[in-house]
Every structure is written in C-alpha cells, then in structure tokens.
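Note sheet for the following structure.
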Amino acid sequence: MDLVIVESGAKAKTIQKYLGKNVIVRASNGHVQDLPNSGKEGSKAVWPNKKSRLPEPSWSWTPRSENHIKRILSDSRRKKVERVLIATDPDREGEFIAWRLAELFSEFREIKRITFNEITKDAIRQALDSAGVVDSKMVDAAKVRRFMDRLIGYRASRFSRSWNLSSMGRVQTPALGFVVKREHEISNFVSTPFWAVQILASGIDFRLRFHNSKDPSAWRDEKGKFNPHRTNITELAHKAFQYVRDKGSLKISKITYNSYNRKPKPPFTTDTLLQSTGSKYSWKPSRTMSVAQGLYEAGHITYMRTDSTRTSASSRQAAKDYITKKWSANLVGKGVVYAKKASDQDAHEAIRPTNPLSEMPEGLDSSQSKLYKLIWARFMASQMVDSEWTSMKLESNLESFDKELFLRFGTTRADGDTKWRTAAGWESAFSGIDKKPATSPPDPEINVESVIALDKKQDNPNLIEDETKPPARYTQHGLVALMKSEGIGRPSTYAATIKKLLDRKYCSDDRGRLKATSNGITLWDEVSPFYKQENKNLFSTDFTSEMESDLDKIETGSRDAAEVWETFLNYFRELHDNALKKKKESPTKRQIQFYERLASLVSSEKLEEMLQGNDPLKYSSEMMGELIDSLMKETEGMSLPPTPKQVSFIKSLAENLEMDEFQACELVSISSFEELSGGKSGSASTLIGKLKDLSDSKPRPTSVKQMNFVKNLVNKAELDEESACNLVEVSTYSELSGGRSGTASKLISILQKKVPKKAPKKK
C-alpha cells in the first residue's frame, strides 16, 4: 500500500480520483513544522552553527498540525503502508514541507519525493514512475530564507518598535520603499499648466499642433519634455480654437500609411498573470492567486507560481492541432522560444491549460471561468501568427490662420491618427475577452485634399485648460511588476508581501491604488536609514535582489548555503550594531512628541529645574527616556493633552460640519479644545468618533466629477434629467446629495445597471 501526501484537501481529492482506492491520498494542510515561535527556542532570532554548516534549530509544529499528522501516521500503520510518496508543490516551500514530512514519516520502509507541474492522470503517473528523493539544495535555500527573515523580523522589527511600528522585513520593507518614494514624488510634484485643442472629425481624434521643437516658446513639461500639442500661450490656443470652430471642417494636407505586425505574448508567468487580471478585471493579486490555486488543484492549469515562459512540446503541438481545427492551419505560428532571464526560476513550465483542447472545462464558477479563459487564450495565442495592422496618420494645415501668430510660433496644424486590423492572427484567441477593434479604414474614404466635417457632438472642438498631473500611485499589480523588474520577491511572495503591507497598515488601498500611510512613511524615511552605512544598505533593492539571487543559486548548487548565510549574518550584524549606536545618539521623533505632551502638564519652573539649562532635543535617546520617566512620575494621575494630529483632525471635521469650537466641544461636555484630553480613552478620541458619525450622516453636495459621471450615464441610458432624478425621488440634479450614502451615489448605481457594460480595454 502506498501513501501519497499533498498539501491541500482539494488537491488530494483530485489525485485520489486518478490513483484509485489502492492508494491512500492525504493532505498535510500546508506547512507541518517550521521555526519555533514560542518557549525558549521561540524567542531566538538566530541559532549557533558550526563552520560550513547551517544552524540546526528545533523545528516546531505549526498550529493544528501535530494531531493531524499523528492521525495520518496512525492510519498508515493500520493499513500497512510500505511506501510514502510526498507530492507537495514543486517549489522551494513545497520542498521544505516535503523534507519535514520525510523526517516525520521516516519509520516507513521507503520514502520518495514526486513532483508534477500539472495535476493530470498522465503527469501523476509519470511522476510515480520517476520518483526520487527530497532535493537537499532546495531545502537549504528554504532554510536560509527562513533564517534571514527570522533575523530581520526579530531584531530589526524590535528596533522599529521605538517608533511604535510593528515590523520590518527583508522583502516587505524595500517594497514599501517603492510606495513611499512614489508618495514623495506626488507631494513634491509641481504641475505645468497648458492649453490644448481636441477635434473629432469622421470619428478620428485630432489634436492641434502649436509649436516646433526649436521654437523657444514651445511648451515643455516640468522635466523639459516637448509636446507639440500643448501650449502655454493663451492667445494662440484661443485663436486656433476659434478658427477651427468657425471653419467647422478640416482639409487634409498629408496622409501617411504604415503597416505593422503585433506579435503574441508568451504564456503567463506569475507576475504577468497578476498584471493582466489587475488591468482587465481589477482583481487584487490575492484574489488572482486564490482563483488560480483552485484551477490548479482541480487539474485545469499548470502550477501558478513560476517565472518561466517555457512550455512542453506536447502541449504546444496540442495547441497547434486545436488552432488548425478551430480556425485554420494558416493561423499556426512557429511557437516562439522565449528566453529565460538569469533571475527567473525555471523549475517548471509557464501557466497554461493542462488540456489545451478544452476551451472551457465544466464545473467552474464565474471567477474561475474568467481566469481560465484568459490563461487558455494567452497560451493559444503564443502558438499563433502575428496580427496585422494598418495605421493612418493625417495632417491638416490651418491655411488661413492668423499669419502673425503663425510666424511667431512656428506651426499650427491638426494631427490625427487612426488604425485598423487587417488580419486577426493571434488576437482571434482573445475573441470575447478583448474589445473588437476596427477592421476597416474610415468611411467615407479620406484622401489628400479631402475636406472632412467636424463630428456633430457637444464640445467639439474642445478647448482644454489643464495641467500636468503627478505620477499615479501604484496599483497592486503595478507594484508586482516593479518588484519583478527590480528582482525582489519571487512568484510565491508577490501577493503575500502586498498583503503584509496592507495588514500592517503601512499602506492603504486608495480606490484600488496603494497609498503610503504615516506609519509607512515613518518606517521608510526615519527607521530604515539606520540600516544604511557608507556603501551598505540592508533594505536597498540591490542588496535584496542579490540575496534573492543567492537563494536561487543555492538551489542550483552554484552557491554554498552556509556561506550565503554567514555572509548575510555578518552583514546584518554590522548594520544592526551601527543602527543601535546611532539610535542612542539622539531621541526618536515619537520620544520628542511624547516629551512635549508631558512637559505641557508641568510648570515652567519645574521643567527648568528638571532640564538644568540643557536642550532636551540634544539629549541622547537614553537620556530622553530617563527624562520622560521623570516627567511621567511628576504627572502621574494627570490627563495627557491630545496630539497635534488629533486636534487638527477635530478642527477639520468640525469645519466640514459647519460647527464652531464651542458647538463641537459641547458634544463631550467641555467648552474649548484646550480642555481636550489625549489617549485612547480621552475626550479627544471620543469627540473624533462623534464628529465622524455626524459627518457620515450629513448630506454633502455632489462633486463636479460625480455630477459629470451622473450626466454621462443619464445620456447613455437615453433619459432626461427629470426621469433620471425621479429614480431617487428628487426633481433636479441640484437636489442630489453627494457622499457614499447620498442620492447621487444611489442614482449612479441604478444607472449603471441600465447602461450596458463595455468590454475591457485591450492592453
């Protein structure tokens, strides 16, 4: 009798179906043992090791694992199991679990390791035929990763608690750095105003061109980048706009055609899958990975944690056979061989359907269906020919435009472009996923000297007064793309890293984008620099990427695990000791803030007596700590004043509610802000809660953006103002209220159901 151990119950169920009743299939339910987190061993950040050997900590049971594994052991003994086949995931973490299981089941006659990239009958049978042993190099890489994360997690995280922060991490902190840096770019951004004129004619988008690049008056953005379709000369923009509006048409002076091919993209890797679902479906990485896990465990797709774009020859041939049958042999491409990057983990294939002949398996829920269709289409497309496109660029000179202005500023003309697909090629696979593009040139035909009328549409032409915008905050999938390009994290950690940043309140989700919180900014700007010394930086992307690369090299045997660990340990110790030394030299920001609050409670005479003429801001951290202890004894029983942030927030809430100081303070039975007390149970916290409740319940005016969205939906639903407003029991737009619970928001929800949804934009 054989026992097969996998990680999840869903995976066990699928494999049991393939192997029949003569084999026992059980799930470990993830990790069974790991570094200890309790008792004497659980308090350790590092364990001693002999030269050229890794530390040997006592591995402890994970929650609820001990009894579960003991039941499997007991059942296996009873059924006289002779061979144990460990079939955990085919990656570093899966190998670590396999190693621990091999140790725990060592009493049985034979222990074998099997791996497969897909859960199909053939793949499992092949794995059984080629059963091997646990890969010690992969296990060593997993151990070193744990030792690194443990050391930083215990020592650096403890260091960060002086700022009331919860943790620091080897990958987590550099990833946070990207988000914080972007926040600073946004805060420091200085916009550049501009004028632009947009024209629609024959469905083609034209932009007025105002300047040549050599024109000293040419518009340039804050980085000096030239844009011919923008100007900061008001007179020029207005006169050009007026000319086009009065003319009512454009005379085409030049047409340029260009034919080009679009190549198919390679099959999905983890990062490209997260990016694609993020952009097409607005899915968070955690959702994508959860849905993909279900598809994998049900046997529909290959393993979803991979850097590789490699696929098996048999799967490519199956795809080509299906392409021939479904479309035409003419659409079968060569199947490009995609190069592997040095940083890629190429242990298994790209993410693809296990059965390319199955366009949509049965029994999938809506999310699984969407994801499977996308994975299937991407893989099919990778084996198909290029799509073919034609682009048409048009120019229209403003022939009788103001000559004086023309001579002063170089050029004023209209530039337009359009494109259409002439052969679908690989894009045939994305039918029903991507919006269908134009497949023919504009009708009627446009030639040089053609005069085309402006489309009869409101605000056409459109005179635009705007300014450059700061860079957008990262989406979750955008951060994944950046982590991938910078070499930090791996397919198994992308989603988990972002989840940590959100769970630990270092980032917040601001309408689908990651915004650094005050704690996140403090961690990156104030705490992480302590771990920087000359040319060394524990949380730099370069060092983190190097460590990730070293872990990969341990797997391949090109680096010794003990050597990598010793190098990291010495590097960390040097920087950590230096951080502790620097920290003692001056008080932390939070120490200063707490001191100022306590100092406000004692008399100036008493404070002068305690300071003895010294400047507390020049104290060491230790001295400031002693001063705070003395002040706490002196002010024992007194109420702390509120923090400046609390007072500022209260004033802001009160202002929005059109309440004066007395009206706001009356809510907590005091007469002024000066009487507020701080702390979690203080009157400031109570007042904030009450003001927020009032703010949430108060009707707000609609924003310009919200109102424009309402009007746009009303037009699309082919309703008039009165009919639309009646849906939320008001008469006119002016009676709509803003905010999440306002009537404008309710009306938007109703109208969205009435307006057909657009297909997602093709990337």
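A few comments on the model shown:
- Proxy reagent accessibility, fewest Cβ within 10 Å first, across Tyr372, Tyr322: Tyr322, Tyr372
- Reducing segment 215-286 and segment 127-179 to their Cα centroids gives an inter-centroid distance of 42 Å.
- Taken over segment 527-569, the ratio of Cα radius of gyration to 2.2 N^0.38 Å equals 1.28.
- Alpha-carbon centroids, segment 75-95 and segment 543-597: separation in whole Å: 37 Å
- GluC sites (Glu not before Pro) lying in DSSP loop within segment 614-690, provided at most 14 other Cβ fall within 10 Å: Glu636, Glu658
- Each helix, a run of at least 4 DSSP H residues, gives -39500 (n - 2.57); summed and divided by the residues of the chain, these come to -13500 deg cm²/dmol at 222 nm.
- Cα-based Lys pair tally, segment 110-239, threshold under 23 Å, eight or more apart or on separate chains: 8
- Panel order for Val133, Val730, by other beta carbons found within 10 Å of each beta carbon, from fewest to most: Val133, Val730.
- Peptides 117-124, 314-321 ranked from most to least packed, by the mean per-residue count of other Cβ atoms within 10 Å: 117-124, 314-321.
- Across segment 719-735, coupling constants 3J(HN,Hα) worked out from phi with the 6.51/-1.76/1.60 Karplus curve, θ = phi - 60°, read 10, 9, 4, 5, 4, 5, 5, 4, 5, 10, 6, 10, 9, 9, 4, 5, 8 Hz, and Gly and Pro carry x.
- All-pairs Cα distance distribution in the chain, expressed in whole percent, bin size 20 Å: 12, 34, 36, 17, 1
- Overall form of segment 701-754 per C-alpha gyration tensor (a/c, 1.5; a/b vs b/c): rounded
- For segment 32-81: lysine pairs under 26 Å (alpha-carbon distance), excluding those fewer than 8 apart on one chain: 5
- Under 13 Å of direct C-alpha separation, and excluding same-chain neighbours fewer than eight residues apart, Lys618 reaches these aspartates and glutamates: Glu585.
- Packing-based exposure ordering (other Cβ within 10 Å, fewest first) of Phe108, Phe194, Phe662: Phe662, Phe108, Phe194
- Of His477, Asn460, Thr493, farthest towards positive along the dipole that unit charges on Lys, Arg, Asp, Glu beta carbons give segment 451-498: Thr493
- Shape metrics for segment 446-501, restricted to C-alpha atoms - Rg then Dmax, Å: 22.6, 61
- Within the same chain, aspartates and glutamates fewer than 8 places from Lys280 are excluded, and of the rest, those with a Cα less than 16 Å from its Cα are Asp271, Glu427, Asp434.
- The alpha carbon centroids of segment 35-51 and segment 619-675 are separated by 43 Å.
No value in this document is a laboratory result; all are computed from the given coordinates. Here the structure is a predicted model, which is why all the values come from computation and not from measurement. Cβ sites come from the backbone with ideal geometry, for glycine too, and all protein chains shown count toward neighbours.
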